[in-house]
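Trainee: Quick one: structure below, then a few questions.
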């Protein structure tokens, strides 16, 4: 029943042998050394300053949505950096391997990367950027901000929140492991059949890709359930649907997409897994298989997925622009309607990813029109942002620059997207670098809004602002890289260059390839400014300290509580009176009103269960990848056992008493995310009581 | 004193000028292939590209201008009019939803029209131009070569598609292994080439010329070398070429084809010519794939290093 894969297999180690470690590949050795040094740079200070206990108690076992969000964002930023290095390697290979007379080094016929290595790099570039960089960062932002925006103390299911985090981390760790043990998929982040079948991808690469995505998708689906439940059920009193902040609305629609579309990906990958492990013929060319089925299933998920990524970005822009224009968002109700219109129509457009597969003019036209229809609500959003700028008082802080930059990228991406939506045009540019430039404009707009959000909400979470000067330098160098690289890429698309080529046969493309490399140079420079921004900000943190409203012109509920946000979010759950509650309070001079008394409330305890599930999840994934059946089986059974054990747990959290709360609120010491909540139990044990177990 | 933002713009203008000169340097030659259609189908595709871009720019250029204008005019420093309560307008809403809707209706109609004109299975733009019986070519992709079979002439080529000018060419396409994408810029609409499935394509070029075709869908380690030349020749030259190929010593029966279809990287896309080709070879390949014939690819595919690069590497090893 189990499909035979080439290569040795032993019951103890599965397909894993010493040859699986690419110790003769100098690039991988360098990557390994770099990773080890980077890891030590973090680990050594932690050990030296005796912070391992703190790390375990406060971060690794946390169920606090803010800490979980921060770990998500850190994970995403690290994976984004690795994805960026992958992109840099792709660009460098292509500029070095142009033409039959281009030389080859390090064992490559042309350039410095042989095809197998190059193919793994572009596959991991796509997979890391979409699934392990952008998704975790946006999920983390939603995790931190949405409960604050609706006046809640935490998410609906705090422990499940932590489980989602660790399952996503497991997926990322599997991709990292593939760098050093075995190899990664060479079939792209999409993984079209039958290329991903065992005959054409006999190594463990596709298995790594499959399980990394499958395991992290479980995390994302659980997170969607959590978000929807939180937004529906945990809003503060007075927070009616027409008063909900726009970022919360976009998060809601995003997670409805997530909840309904990720199971389809799960099915597609499960069927592919059945082909690769059990020898079934779901997606093979012959014996009853249908490779088109994989393409359809993948893209039925894949298109809603990209809206899953872009709608939070739109929500971020919708929060940043009103704050720095000192005006309410124009057309709030239409914005919400447009968000759900985009989410709904996004279900009807998936075939535009494969117009060339021969569905015929009638089917192609239907999906073409549907694709163009999705541009209407998107256009409405752009108009509304522009009208928000009109007659506002604009301040161009770094977050505002990023938000407006995202707007320009959306326009270019939109025009090129409408071009791709027409089958006749698509037949000339399908799978060319024109398509790559188009979707990079879109994902870069997501990246721009991520940087806008990071700058905008950083003061809320950590209590001090990021340095403006280096932040702007980061913005300008990054934008220069974007402009230079992608103008050249659009030009190459019109020259007829197709994608995923490790060797380029046309030397006429050389000038444009050089321009692209210059673009990557600017991106690399921007990394320096990003690092500098972090360093200067942390160095000057006392000088840049802010109060509850970091920007002075903020409008929504999260700016009502302290900066940094204490672990209980709001000392007293606020009563919401209107949309843009904080602006209303400023206008009616009630922004400084303090509660006259405090009441006790319930808080969850930290727990090691999510981390344990994560570690066992990694064991399961790794075991399945290498076909180490005992490891996979044991891990799966252990996960089930841990979940059952936890369901009997008597730990019901603790009560934060009114006295303890009053003491915390009046204390000078900031209570933010990096503070020890142990601080509380050490000095206030007499004021806290364990909840009674039933 | 130039504001810092303007100073940055002038700082970058010289390098940007240099870069755009570098990019546009190819404009005079045919390197911008998509701008130079060589037949009626590519002309239709190019025409609708222009229409689509113009229509979209009619909407996006004013918005871009508005954004830039508002960024400058309503900057806090300039103390322009400030209207914090203006956040709704029914008239603007109707315009915002209505105008793009009309645009989508128009573009949707163009989309349908063009989809019929360049439909790979039956491009209506060709029907009117057809006088001769079309030339039938069967296309089979392997890992990683293109095999062009001429069933009516009993010949086959690797990586060289030769067709007469002024005559429609009908293609049937299938693959032995994984999905590829048949693409000749300036000439033919793209169509996927899939194992165990048959797709169709059609084109007709009225002038002689040489073009390049390739696979636009990633198919594995040898993918970058899947180019094929496309030569449009006069009918007289075509007949001569067919006769010459029919006299070729190399034969291509199904057994030899199976040998050919083993994973091979054809560095330099060197063409080969065969005679004595079974008219039914295409169907045999298709049926074999349907019944489970695969051509497994090893984990590492050795790429034959081209002679010149090998010599250069040997030279550098000595120095």
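Rule-based calculations on the coordinates, nothing more; no lab input. Quantities reported herein were computed from a predicted structural model and do not represent experimental measurements. Don't worry about glycine lacking a Cβ; one is built from the backbone with ideal geometry, like all the others, and counts go over all protein chains shown.
Trainee: Cα extents of chain A along the three principal axes, largest first, in whole Å?
Mentor: Computed over the Cα atoms, the extents are 77, 63, 48 Å.
Trainee: Same structure, new question: Provide the FRET efficiency to the nearest 0.05 for the residue A:57-residue A:278 pair, computing r from the beta carbons and using R0 = 35 Å. List each step's numbers first, then the result.
Mentor: Working: r = 43 Å, r/R0 = 1.24.
Here the calculated transfer efficiency is 0.20.
Trainee: May I pose another question? Between the range B:74-100 and the range A:333-374, what's the alpha-carbon centroid distance in Å?
Mentor: Here the answer is 29 Å between Cα centres.
Trainee: Relative contact order for chain A using alpha-carbon pairs under 8 Å, separation at least 6, rounded to a whole percent? Please list the in-between numbers first.
Mentor: Details: 1098 pairs, mean separation 116.6, N = 694.
For chain A, the relative contact order is 17 percent.
Trainee: Can you compute the modelled spin-label distance between residue A:510 and residue B:272, with each label point 7 Å from Cα toward Cβ, in nm?
Mentor: It is 3.2 nm.
Trainee: Suppose the chain between residue A:337 and residue A:469 were pulled fully straight at 0.36 nm per residue; how much longer would it get relative to their current alpha carbon spacing?
Mentor: Values: separation 132, 0.36 × 132 = 47.52 nm, distance 3.75 nm.
Length gained between residue A:337 and residue A:469: 43.8 nm.
Trainee: In nm, give the distance between the simple-model label positions of residue B:207 and residue A:363, each being 7 Å from the Cα along the Cα-to-Cβ direction.
Mentor: Reported label-point gap for residue B:207 and residue A:363 is 3.7 nm.
Trainee: Over the Cα atoms of the range A:66-215, Rg to Rh with Kirkwood Rh, two decimal places?
Mentor: Working: Rg = 18.3 Å, Rh = 16.8 Å.
That ratio equals 1.09.
Trainee: Pull up the DSSP beta bridges for the range B:132-294 and report the antiparallel fraction as a percent, rounded to 5. Before the final figure, lay out the partial values.
Mentor: Working: 28 of 42 bridges.
Once the DSSP bridges in the range B:132-294 are tallied, antiparallel ones form about 65 percent.
Trainee: Would you mind giving the mean number of other chain beta-carbons within 10 Å of the Cβ of each residue in B:66-78, as a whole number? Display every interim value, and only then the final one.
Mentor: Numbers: counts 6, 8, 2, 3, 10, 7, 1, 4, 9, 5, 8, 4, 2.
Other-chain Cβ atoms within 10 Å of each residue's Cβ, averaged: 5.
Trainee: Multiplying the sequence separation of residue B:76 and residue B:280 by 0.36 nm and subtracting their Cα-Cα distance, what value in nm do you get?
Mentor: Values: separation 204, 0.36 × 204 = 73.44 nm, distance 7.58 nm.
So the chain would gain 65.9 nm between residue B:76 and residue B:280.
Trainee: Next question, about the same structure. How many angstrom lie between the C-alpha centres of the range A:293-330 and the range A:533-556?
Mentor: 27
Trainee: Ranked highest first by average number of other Cβ atoms within 10 Å, how do A:639-647, A:69-77, A:398-406 line up? Let's see the in-between values first.
Mentor: Working: A:639-647: 12.4, A:69-77: 21.6, A:398-406: 25.8.
Ranked by mean Cβ neighbours within 10 Å, highest first: A:398-406, A:69-77, A:639-647.
Trainee: Per-residue Cβ counts within 10 Å, from other chains only, averaged over B:116-123: what number is that? Mind showing how you got there, number by number?
Mentor: Values: counts 6, 2, 6, 8, 6, 3, 2, 1.
For this peptide, the per-residue mean of nearby foreign Cβ atoms is 4.
Trainee: For a test of the definition: using alpha carbon positions, the gyration tensor, and the 1.5 limit on a/c, classify the range A:230-335 as rounded, prolate or oblate.
Mentor: Working: a/c = 4.65, a/b = 2.82, b/c = 1.65.
Because a/c hits 1.5 or more and a/b exceeds b/c, the range A:230-335 counts as prolate.
Trainee: Okay, next question. Which whole-number percentage describes the relative contact order of the range A:164-240, with Cα contacts under 8 Å and a sequence gap of 6 or more? Please list the in-between numbers first.
Mentor: Values: 66 pairs, mean separation 33.2, N = 77.
Computed value for the range A:164-240: 43 percent relative contact order.
Trainee: Let me ask another. Listed highest first by mean packing, meaning other Cβ atoms within 10 Å per residue, what order do A:504-516, A:108-120 come in?
Mentor: Values: A:504-516: 20.5, A:108-120: 23.5.
The packing order, highest mean first, is A:108-120, A:504-516.
Trainee: Against the globular-protein guess of 2.2 N^0.38 Å, express the Cα radius of gyration of the range B:132-294 as a ratio, rounded to two decimals.
Mentor: Values: Rg = 14.4 Å, N = 163, 2.2 N^0.38 = 15.2 Å.
Working it through for the range B:132-294, the quotient is 0.95.
Trainee: Can you give me the distance in nm between label points at residue A:36 and residue A:260, each placed 7 Å from the Cα along the Cα-to-Cβ direction?
Mentor: About 5.0 nm separates the two model spin labels.
Trainee: A further question on this structure: Please compute the contact order of the range B:132-294 in relative form: average sequence separation of alpha-carbon pairs under 8 Å and at least six residues apart, divided by the residue count, as a percent.
Mentor: Numbers: 410 pairs, mean separation 48.8, N = 163.
About 30 percent, as a whole number.
Trainee: The range A:240-272 to the range A:461-521: how many Å between their Cα centroids?
Mentor: Each part's Cα centre sits 31 Å from the other's.
Trainee: In peptide A:494-504, how many Cβ atoms from other protein chains are near each Cβ within 10 Å, on average? All intermediate terms of the calculation are to be shown ahead of the outcome.
Mentor: Values: counts 8, 8, 13, 3, 11, 3, 6, 6, 5, 6, 1.
The per-residue average across the peptide is 6.
Trainee: How would you order A:88-100, B:256-268 from highest to lowest mean count of nearby Cβ atoms within 10 Å? If you can, show how the numbers build up before the last one.
Mentor: Numbers: A:88-100: 20.0, B:256-268: 17.2.
In decreasing order of mean packing, A:88-100, B:256-268 become A:88-100, B:256-268.
Trainee: Could you check what % of the DSSP bridge pairs in chain A are antiparallel, to the nearest 5? Spell out each step's value before the answer.
Mentor: On the way: 8 of 10 bridges.
If I count the DSSP bridges inside chain A, around 80 percent turn out antiparallel.
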